[in-house]
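The values are calculated or read from the model by the stated rules, or taken from the named source; none is laboratory data. This structure is a prediction, so every number in the text was calculated from the model and none was measured. Cβ: placed from backbone, ideal geometry, glycine included. Neighbour counts: every protein chain shown.
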């Protein structure tokens with residue numbers, strides 16, 4: 001009698017299915033733990049390395065990158081220990097998905113030292129050109145005492161203007177907006193005063 | 001062991017040009033040859049590993065529960081591939097974005113599991129999956145190569161067209177993927193017809 005019940009249970013399709021699926025799931029989960037343990041430290045290094053590389057591009061003579069009280073805002077000292085300025089992360093919506101930038105400014109936040117794109121999903125060949133040197137170089141020494149403005153297909157008239165990328169006005173506009181908002185936000189928190 | 005198992009995926013049943021499977025990564029990531037190559041290799045790794053595992057356990061799997069089980073196995077290898085790329089090829093992983101995790105739903109892989117690995121011996125399943133993976137990779141490199149040459153004037157990042165060449169931006173945009181794929185499938189069929197006649 002008992003034997004027959006056990007046999008019936010083993011041959012029951014639902015129970016066989018559940019057992020097999022549980023075993024496969026458990027083995028899969030266990031093996032992913034190893035993959036996770038192997039990869040996570042390396043991934044963290046990659047992510048942090050991106051920020052550091054961007055800061056070094058903006059401030060070539062960087063000596064020390066110091067954390068400030070604010071998250072993702074760094075105080076930059078040159079090799080002689082003098083303050084070169086601040087670098088900070090800024091993000092906002094682009095044409096497709098989030099754009100993440102590293103922005104460098106001088107100690108008084110009068111002008112920008114430069115801008116690097118950390119992450120973006122802009123259209124290749126068009127919006128993705130925000131990462132190109134041609135576009136980024138416009139932000140070097142750009143005054144930020146007034147809000148940055150952009151112009152389309154015409155000569156720059158004021159010194160706080162940059163030229164938008166042809167065919168990628170939305171992406172260019174997004175970068176300008178992200179920078180303006182973030183600088184405004186940090187000024188209100190008392191940075192640079 | 002049959003050599004036909006390996007060559008099937010390369011030409012006669014090529015996943016992209018003949019079966020027209022896995023179109024989502026095929027169209028989305030082939031803006032550059034190197035992205036096609038990386039996506040192809042990641043997919044090859046997943047299809048080969050999952051086919052082998054599925055072929056090994058094929059007799060223990062209750063018939064009604066096989067699809068969820070295959071999916072779990074495939075998802076495990078995809079997650080491993082995703083972490084590996086993020087850890088060692090961060091830039092490529094960033095560029096491929098969500099399309100690496102999306103290999104889970106690539107029909108080429110579940111298709112091979114269903115049509116072949118769940119019924120055939122391990123070595124044959126391995127060869128079949130390897131052939132399909134290589135066929136998929138080659139197709140993606142050709143597609144990515146053509147789009148990169150016309151859209152950016154380079155191949156694998158090396159400039160091959162003259163300076164001053166006006167890049168055909170449409171080739172890097174989604175429309176370029178459809179146009180190139182359509183033409184390639186056409187060319188493929190013409191060659192195939194000629195080969196059958198001779």
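Looking across segment A:112-123 at every residue that is in a loop (DSSP other than H, G, I, E, B) and touching a strand residue (DSSP E or B) at 6+ places or on another chain (Cβ under 8 Å), the one that is farthest from the other protein chains (Cβ to nearest Cβ) is identified as A:122.
Looking at this structure, is residue B:77 facing chain A (nearest Cβ under 10 Å), assigned to a helix (DSSP H, G or I) and surrounded by 20 or more Cβ atoms within 10 Å (Cβ to Cβ)? Don't jump to the end; show me each part of the working.
On the way: facing chain A (nearest Cβ under 10 Å): yes; assigned to a helix (DSSP H, G or I): yes; surrounded by 20 or more Cβ atoms within 10 Å (Cβ to Cβ): yes.
So residue B:77 fits the description; yes.
For segment B:43-74, the set of residues classified as facing chain A (nearest Cβ under 7 Å), surrounded by 18 or more Cβ atoms within 10 Å (Cβ to Cβ) and assigned to a helix (DSSP H, G or I) consists of B:65, B:69, B:73, listed by residue number.
What are the residues in segment B:86-119 that are within 11 Å of chain A (Cβ to nearest Cβ), at pLDDT 90 or above and crowded, with 19+ Cβ neighbours inside 10 Å, if any?
Going residue by residue through segment B:86-119, those that are within 11 Å of chain A (Cβ to nearest Cβ) are B:86-91, B:93-95, B:97-98.
Imposing the further condition that a residue be at pLDDT 90 or above reduces the set to B:86-89.
B:86, B:87 - these are the residues of segment B:86-119 that are within 11 Å of chain A (Cβ to nearest Cβ), at pLDDT 90 or above and crowded, with 19+ Cβ neighbours inside 10 Å.
For beta carbons closer than 6 Å, sequence separation of 6+ or different chains, a first residue in segment B:120-142 that is surrounded by fewer than 20 Cβ atoms within 10 Å (Cβ to Cβ) and a second that is not in a helix (DSSP H, G or I), the qualifying pairs are B:123/B:1.
Do we find a residue being in a loop (DSSP other than H, G, I, E, B), within 24 Å of residue B:175 (Cβ to Cβ), in contact (Cβ under 8 Å) with a residue 12 or more places away in the chain and away from every other protein chain (no Cβ under 14 Å) anywhere in segment A:124-145? So far as segment A:124-145 goes, no, none of its residues is in a loop (DSSP other than H, G, I, E, B), within 24 Å of residue B:175 (Cβ to Cβ), in contact (Cβ under 8 Å) with a residue 12 or more places away in the chain and away from every other protein chain (no Cβ under 14 Å).
Just wondering, is there one or more residues in segment A:58-72 that are in contact (Cβ under 8 Å) with a residue 60 or more places away in the chain, part of a strand (DSSP E or B), within 30 Å of residue A:127 (Cβ to Cβ) and more than 11 Å from chain B (Cβ to nearest Cβ)? Taking every residue of segment A:58-72 in turn, none turns out to be in contact (Cβ under 8 Å) with a residue 60 or more places away in the chain, part of a strand (DSSP E or B), within 30 Å of residue A:127 (Cβ to Cβ) and more than 11 Å from chain B (Cβ to nearest Cβ). Residue count for segment B:1-42, restricted to those that are within 14 Å of chain A (Cβ to nearest Cβ), part of a loop (DSSP other than H, G, I, E, B) and within 13 Å of the chain's Cα centre (by Cα): 2. Taking the criterion of being over 24 Å from residue B:192 (Cα atoms) and in contact with a helix residue (DSSP H, G or I) (Cβ under 6 Å, 6 or more places away or on another chain), the only residue of segment B:5-27 that qualifies is B:25.
Give the residue, chosen from B:149, B:123, that is over 13 Å from residue B:74 (Cβ atoms), touching a strand residue (DSSP E or B) at 6+ places or on another chain (Cβ under 6 Å) and in a helix (DSSP H, G or I).
That would be B:149, the only listed residue that is over 13 Å from residue B:74 (Cβ atoms), touching a strand residue (DSSP E or B) at 6+ places or on another chain (Cβ under 6 Å) and in a helix (DSSP H, G or I).
Kindly check whether there is at least one residue in segment B:175-189 that is closer than 24 Å to residue B:95 by Cα and touching a strand residue (DSSP E or B) at 6+ places or on another chain (Cβ under 7 Å).
First pass over segment B:175-189, keeping only residues closer than 24 Å to residue B:95 by Cα: B:175-181.
Restricting the remaining residues to those that are touching a strand residue (DSSP E or B) at 6+ places or on another chain (Cβ under 7 Å) gives none.
So far as segment B:175-189 goes, no, none of its residues is closer than 24 Å to residue B:95 by Cα and touching a strand residue (DSSP E or B) at 6+ places or on another chain (Cβ under 7 Å).
Among the conditions (1) crowded, with 24+ Cβ neighbours inside 10 Å; (2) modelled with pLDDT of 90 or more, the only one that residue B:25 does not satisfy is (2). Taking the stated definitions as given, is residue A:111 under 14 Å from the mean Cα position of the chain (by Cα), crowded, with 16+ Cβ neighbours inside 10 Å and either within 21 Å of residue A:59 (Cβ to Cβ) or touching a residue at least 12 places away in the same chain (Cβ under 8 Å) (or both)? So residue A:111 fails the test.
Taking the conditions (1) touching a helix residue (DSSP H, G or I) at 6+ places or on another chain (Cβ under 8 Å); (2) more than 16 Å from residue A:164 (Cα to Cα); (3) surrounded by 18 or more Cβ atoms within 10 Å (Cβ to Cβ) in turn, residue A:93 satisfies each one other than (3).
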